[in-house]
Amino acid sequence: MTSPWLALPGETGRRRPRRVVSESWERARRHALDPEHLLPALEVGEDVLAEFRHAHPLDPVLPVIRSLLVRDAEGSGLLVAVGDEMGRLLWVEGDSAAKRAAEDMRFVEGAGWAETRVGTSAPGTALELDHGIQIHDSEHFNRLVHGWSCTAVPVHDPETRRILGVIDLTGDARAVDPHTLPLIEATAAAVEAELMVLRLKAQRDRGAGAGERMRVTGFPGAPSSARRPAAAPGAAPRPAAPRPAALHVLGRDTGELVTPGAALELSPRHAELLTLLAWHREGLSAARLAQLAHGDEAAVVTVRAEIVRLRRLLQAAPSLGVAVESRPYRLNGPVELDAQRVLSLLDRGAHRVALAAHPGPLLPGSDAPGIASIRETVRLRMREAMLADAAVDVLLAYAATAEGQHDTEVWTAALQRLPARSPKRAGIVMHLEALLGS
């Protein structure tokens, strides 16, 4: 039986697109995408691209991808791209002539290739379906991409299995050779295995306790812990990293505390507590923290016990340099909360970058009153900024998100800002009619 994930461009007798392709086209139509004029947006600007790369968990395993795929790409007409979990291309390497040609369809570093942005493509659809897939030539929803073919496979965290990003091979019909999909799948498996090896070595080198889940992440100038020589007995401890820790809680139910060289996965409750302390930098009394975390000031005993467990977790990972102090409860130093970074970008008018840095609601599974309040603050600030000042393409990108797709005011504003002859207007009108009729 033929695999539905293979393009098989040489197969004869195929009159209709594969089901997986036609279903992707239908999703693109529901997002009011225009296949005739669909140029991917540059969602990560050159000024922040390096930061996005260095903070991404696939950064330290790029040598694996390069050795397996990129090394022989020059002169082949093929490109190897690595994107994040939102479909934004962070690395595009390979044949230099193909790289120049791909600029015409904006297959470049920083461009957003999520299916919700550009329709059917291997990287975007692989992420949408969480499965490796090939897309050949006219199977692309975007007609600007016809003539190109691609194979892409998602990469997962080796422990949590959440999607970290995507590996893509793009070029001519050779990019969808039947043997290409197994090759990219094997590369993704090798990447996941290397991530696990780095994580285990980091645990061993830092003497992490059993059950602690830590992983090496790539930051500029921060070599892997697995390559550091062991400290001599009695040697002074390594100096704390000069860059403050960052707390990632947007678009995820668990937290991730990262520093140059390491990261710690947090339980939902610990993520809530650290988020509240990072947001309220002046500190919180035990009663106030109990109110924000549990909705009940009488839950002080529970909060104190939770703080004790959180302290133990942080103390077992001293390289993070993060601790919780008392009276009031507060963090010992600045922790960069990703939600605060998004608000800062909005304040500076960097709407495109702010939207790219906002993968979803803050701890969406949490019902803690303090978390719900922060989540709503971020949601409203994002919405207000998009409605007030964002360029029309950024507003349309926001409208395609989970928070914007059912917002009639957002879609109406986008319609008003589009030029009178824009081909996107018809799709937006249809979407608005569906919203108003539902």
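The table that follows gives values for the structure above.
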| quantity | calculated |
| --- | --- |
| Estimated FRET transfer efficiency when R0 is 22 angstrom, pair Glu26-Ala434 (beta carbons, to 0.05) | 0.95 |
| Heavy atoms of Leu380: accessible area, 1.4 Å probe, square angstrom to 10 | 70 Å² |
| Under Karplus coefficients 6.51, -1.76 and 1.60, residue-wise ³J(HN,Hα) of segment 265-275 in Hz, glycine/proline x | 7, 10, 5, x, 5, 5, 5, 4, 4, 5, 4 |
| Difference of contour (0.36 nm per residue) and Cα-Cα distance, Glu282 to Gln416 | 43.9 nm |
| Stokes-Einstein diffusion coefficient of segment 27-132, Kirkwood radius over Cα pairs, 25 °C, 0.890 mPa s, in µm²/s | 170 µm²/s |
| Distance histogram in 5 Å bins (all Cα pairs of segment 20-65, percent per bin) | 5, 16, 14, 14, 11, 14, 22, 6 |
| Residue-count net charge about Ala41 - beta-carbon cut-off 10 Å; Lys, Arg +1, Asp, Glu -1 | +2 |
| Calculated from backbone phi, Karplus (6.51, -1.76, 1.60) coupling profile of segment 128-140 in Hz, x at Gly/Pro | 4, 9, 6, 7, x, 7, 10, 10, 10, 6, 6, 6, 5 |
| For Leu90, residues with placed amide H under 5 Å, excluding near neighbours | Val82, Gly83, Asp84, Gly110 |
| Simple label model, 7 Å out from Cα along Cβ direction - His146 to Ala101, nm | 1.7 nm |
| Sorted largest first, extent of segment 1-83 alpha carbons per principal axis (Å) | 45, 34, 25 |
| Mean accessible surface per residue for the chain, computed with a 1.4 Å probe while every protein chain stays in place, in Å² | 45 Å² |
| Normalised convex hull volume, the chain, alpha-carbon set, Å³ per residue | 167 Å³ |
| Helix-derived mean residue ellipticity, 222 nm - over the chain, DSSP H n ≥ 4, -39500 (n - 2.57), to 500 | -12500 deg cm²/dmol |
| Amide H contacts under 5 Å for Leu337, placed H, 5+ residues apart | Leu247 |
| Computed Kirkwood radius, in angstrom, where 1/r is averaged over Cα pairs of segment 108-203 | 13.9 Å |
| Amide H partners (placed H, <5 Å) of Glu325, local residues excluded | Arg330, Leu331, Asn332 |
| Ala426 paired with Glu409, simple spin-label distance in nm, labels 7 Å along Cα-to-beta-carbon | 3.1 nm |
| Percent accessible area from carbon and sulfur atoms, segment 332-400, protein chains only, probe 1.4 Å | 50 percent |
| Per-residue ³J(HN,Hα) for segment 342-347, Karplus 6.51 cos²θ - 1.76 cosθ + 1.60, θ = phi - 60°, Hz, x for Gly and Pro | 4, 5, 5, 5, 5, 4 |
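The values are calculated or read from the model by the stated rules, or taken from the named source; none is laboratory data. As the structure is a prediction and not an experimental result, all values here were calculated from the model. Using ideal geometry, Cβ is built from the backbone for each residue, glycine included, and neighbour counts are taken over all protein chains shown. Just the protein is used for accessible areas: all its heavy atoms, side chains included, with ligands, DNA and RNA removed. Shrake-Rupley method; radii C 1.70, N 1.55, O 1.52, S 1.80 Å.
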